[in-house]
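Laboratory data are not the source of any read-out in this text; all were calculated from the coordinates shown. Since the structure is predicted, the reported quantities are computational estimates derived from the model, not experimental observations. Note that each Cβ is placed from the backbone with ideal geometry, even for glycine, and that neighbours are counted across all protein chains shown.
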There are 2 protein chains.
Amino acid sequence: MNRHIGVFDSGVGGLTVVKQLLESYPHESIVYFGDTARIPYGDKSPETIIRYSIENAKLLLKKNIKMLVVACNTASAYALKPLKSFDIPVVGVIEPGAKKAVEVTRNGRIAVLGTRGTIQSGEYQKTIHRLLPSVMIQAIACPLFVPLVEEHFFNHPATRLIVQEYLAPIKKEKVDTVLLGCTHYPFLRAILEEEMGPHVTIVDSASTCADEVGMILKQNQIEASKDCIGSHQYFVSDDPEKFKRLSLNLLGQTLSVSLEMPLS
Amino acid sequence: MNRHIGVFDSGVGGLTVVKQLLESYPHESIVYFGDTARIPYGDKSPETIIRYSIENAKLLLKKNIKMLVVACNTASAYALKPLKSFDIPVVGVIEPGAKKAVEVTRNGRIAVLGTRGTIQSGEYQKTIHRLLPSVMIQAIACPLFVPLVEEHFFNHPATRLIVQEYLAPIKKEKVDTVLLGCTHYPFLRAILEEEMGPHVTIVDSASTCADEVGMILKQNQIEASKDCIGSHQYFVSDDPEKFKRLSLNLLGQTLSVSLEMPLS
C-alpha cells in the first residue's frame, strides 16, 4: 500500500525510531514531523502536550498517512488515547519500551528514566505492571538529560555528577534493567552503562517500536509492496538547518528538511 | 493614565523585571504574559522568536496596554524592531543591560553571558560598542544555565563545573564586569561571583530596565496618577499552577495566574 507511515516527535529524538524503521522496512515510505518550534514537551502540562500532539497528527494526516507513530515518550504517555480517535492505527513508544524491559529483566527489578512529564503520567509504571505484575519499578525523572544531550555533553564530568545523582536511588534497589524512556537518552548510554556497571542492561524502545509497527502493518494489510523503494520526507516547525545538522550525527546522512507549521 | 504596562517573557524569568517595576512604580498597573507553552526561546530561530513575540504583543495589546516591556533577552535581541511598528512605546532589556555594564566597568573589559540566540544576535555586543567604542567584549553562550536554574541546581557541584567551563575564556581576559544577559541567570549570581572573584562586578538589566520604563512613561506623559494603587494581572500559555509556584520563590507572594493563548 503506497502511503507513508507518519512519525512525529518534539524534535530530533524520534529519528532513533526512524533509523530502526529504515533498517527494518526499506520499502516503506516515511513522513516525519519534528515540532522544533515548541520543543521540549517533557516539562509542559498534559493539556498542552495533548493539544500539540493532535495538531502534529493533523499535519501528518493531511499528508495522507496510513499509520501514525508517536516517537516522543511524553506525547505517547499523555496523548495516545486522544490520538486513537483518528481513523488509522496509532503506535506509541511506551508499550514497546515496557515490553522490552519485561523481556530483559531477570530479577524483576526495573528502573525507568524519563522526562518529568513521562514519569508523572505513570504510563510506563502501569504498562510494566500489567505485563509483569510481580515487578518492582523505580521511575526517575531526569529533566537535565535532554539539555545535556542537546549540548553534546555526552561524557562531561558535569554529566557524570548529574547521572550519579539521578541514579543513586536505583543503585540501592539492585535493579538489573534500566529502560530509557526518552528518545534523547540513548546518547548517554555509555556513561549510564559505566555508572550502572556490567550486571545492568540498558534498553530503549526504538527497536521494539519498529517491531510493533511491522506487526500492525501486517495485521492491517497495509504493508508496502516489497518492490517499492521507500520515500522519506522530513518536516519541522522551526530551523530546518539545525535539524539537518543534528540528524547527520544520528542517521549518518544529510536529510532534506522543510519548514511546516502544525495545524490547529 | 489608567492603562496597564504590558510585560512579556518566554516564562517566569521576566518577573525579575516586574519585581523592580513593582518596587519603583507601585501606582502603575501591570499585565504580564509568560509564554510557558513555547518556552524556551533561547535556542529557537530568529523567525520563530519574532513570530512568537508579535503574537505575545498582540495578546497584550488586546488588553489595552499603554507600553510594552520585552523582558526576555532573546526576544529583545531579535524582535524589538518589528515590535516597534506597534503604536505604543516598546522597551527591551538589551539597551538597559548594556548601559549598566558600561557604567560599571572600570577597565573597559566586559563579558556578556546569554542564551545561544541572544549571543548569536550580536545585539549586546553592538549596543555596548556603540555606548563605549573602546570596549573589549567577550560574549559567551551558556545554554545549560536555564535548565540548571529551572531544576534549582543553583549551587550544585555539576553547576560549578559547567560555570567553570563557560567562564574559563573570560577569566583569561581579565574582564571586570559580567553582564547577565538572560533573566534566569541572576539565580546563579552567588556561584558566578564565587567563580569570578571579588574584583569582578556582576550586573543584570532588571533595575536599569525599570529606570528606562520610568523615563519613557514620563516622556510620553502616560504615568499613572500617584493616588492609584496598581493592579497586577498574570497570564501564561501553559500550566498556571507551576508558574504560581515559581513566582512565589521569586516575588515572595502568591500570584493569581490565568491561562491564555497568544494571538496569531
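May I ask you to derive the relative contact order of chain B, considering only C-alpha pairs under 8 Å and at least 6 residues apart, and to give it as an integer percent? Before the final figure, lay out the partial values.
Working: 504 pairs, mean separation 72.8, N = 264.
Computed over chain B, the figure is 28 percent.
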| field | Largest-first principal axis extents of the Cα set of the stretch B:115-264 (Å) | value | 50, 38, 35
| remark: Of the residues A:Gln233, A:Ala168, A:Thr201, the Cα lying farthest along the dipole of the protein assembly as shown towards its positive end, which is defined by charges on the beta carbon of Lys, Arg, Asp and Glu, belongs to A:Gln233
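For each pair in A:Lys99/A:Lys218; B:Lys58/B:Lys242; B:Lys84/B:Lys218, compute the distance between the two Cα atoms and list the pairs where it is over 28 Å.
none
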| query | To the nearest 20 debye, what charge dipole does the stretch A:115-223 have about its Cα centre, counting +1 at the Cβ of each Lys and Arg and -1 at the Cβ of each Asp and Glu? | reply | 340 debye
| task | From the P(r) of the stretch B:112-190, can you give the percent of Cα pairs sitting at distances over 21 Å? | result | 27 percent
| field | Residue-wise HN-Hα coupling along the stretch A:26-36, computed from phi with Karplus coefficients 6.51, -1.76, 1.60 (Hz; x: Gly, Pro) | value | x, 8, 7, 9, 10, 10, 10, 10, x, 7, 5
| note | GNM of chain B, Cα pairs under 10 angstrom: of B:Ala71, B:Ala224, B:Ala98, the biggest fluctuation goes to B:Ala224
| Give me the Kirkwood hydrodynamic radius of the stretch A:1-113 in Å, from all C-alpha pairs, to one decimal place? | 14.7 Å
| query | What value, in deg cm²/dmol to 500, does the helix sum -39500 (n - 2.57) over DSSP H runs of n ≥ 4 give at 222 nm once divided by the residues of chain A? | reply | -13500 deg cm²/dmol
| task | Output ³J(HN,Hα) for the stretch B:138-150: one whole-Hz value per residue in order, computed from phi by the Karplus curve 6.51 cos²θ - 1.76 cosθ + 1.60 with θ = phi - 60°, and x for Gly and Pro. | result | 10, 10, 10, 7, 10, x, 8, 5, 4, x, 4, 5, 4
| Using a label point 7 angstrom from Cα along Cα-to-C-beta, what distances in nm, from shortest up, separate B:Ser264 from the other copies? | 0.5
| Which value, in debye to the nearest 20, gives the size of the charge dipole of the protein assembly as shown about its Cα centre, when Lys and Arg are +1 and Asp and Glu are -1 at the Cβ? | 320 debye
| From the backbone phi of the stretch B:7-19, what are the Karplus-calculated ³J(HN,Hα) couplings (6.51 cos²θ - 1.76 cosθ + 1.60, θ = phi - 60°) in whole Hz, Gly and Pro given as x? | 10, 10, 8, 6, x, 8, x, x, 5, 4, 6, 4, 3
| So which of A:Lys126/A:Lys172; A:Lys19/A:Lys126; B:Lys44/B:Lys66; A:Lys244/B:Lys19; A:Lys63/B:Lys62 end up more than 32 Å apart, counting from Cα to Cα? | A:Lys244/B:Lys19; A:Lys63/B:Lys62
| Could you give the dipole magnitude of the stretch B:67-115 about its Cα centre, charging the beta-carbon of Lys and Arg +1 and that of Asp and Glu -1, in debye to the nearest 20? | 220 debye
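Report the FRET efficiency, 1/(1 + (r/R0)^6), for B:Ile140 and A:Asn155, where r is their Cβ-Cβ distance and R0 is 25 Å, rounded to 0.05.
Numbers: r = 22 Å, r/R0 = 0.87.
So, using R0 = 25 Å, E works out to roughly 0.70.
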| query | Between copies, how close do the A:Cys228 label points come, placed 7 Å along Cα→Cβ, listed in nm from shortest? | reply | 6.3
| said: Give me, ordered by chain and number, the residues 5 or more places off A:Leu179 or on other chains with an amide H under 5 Å from its own placed amide H. | reply: A:Ala111, A:Val112, A:Leu113, A:Val203
| said: Give me, ordered by chain and number, the residues 5 or more places off A:Val91 or on other chains with an amide H under 5 Å from its own placed amide H. | reply: A:Leu68, A:Val69, A:Val70
| field | Principal axis dimensions, largest first and in whole angstrom, of chain A by Cα | value | 50, 38, 37
| message | Using only the alpha carbons of the stretch B:58-185, what is the convex hull's orientation-averaged projected area in square nanometres? | response | 8.9 nm²
| Mind listing the Cα extents of the stretch A:152-240 along all three principal axes, in Å, largest one first? | 50, 35, 19
| note | Amide H neighbours of A:Gln233 at under 5 Å, excluding residues fewer than 5 places away on the same chain, with H built from the backbone geometry, are A:Ile30, A:Val31, A:Tyr32
| Fewest to most neighbouring Cβ within 10 Å: what's the order for A:Met136, A:Met215? | A:Met215, A:Met136
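Note down the Stokes-Einstein diffusion coefficient of the stretch B:196-264 in µm²/s, whole number, using a Kirkwood radius over alpha carbon pairs, 10 °C, and 1.306 mPa s.
Details: Rh = 15.6 Å.
Diffusion coefficient, whole number: 102 µm²/s.
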| field | Crossing angle, helix B:240-251 versus chain B [Cα axis fit, 0-90 degrees, rounded to tens] | value | 60 degrees
| remark: Each label sits 7 Å from Cα toward the beta-carbon; between A:Arg3 and B:His27 the label points are separated, in nm, by 6.6 nm
| field | Within a Gaussian network of chain B (alpha carbon springs, distance under 10 Å), most fluctuating of B:His27, B:His152, B:His129 | value | B:His152
| said: Measuring nothing but label to label, 7 Å from Cα along Cα→Cβ, what are B:Gly214's distances to the other copies in nm, shortest first? | reply: 7.0
| Taking 0.36 nm per intervening residue step and subtracting the Cα-Cα distance, what contour gain separates A:Lys63 from A:Lys172 on full extension? | 34.4 nm
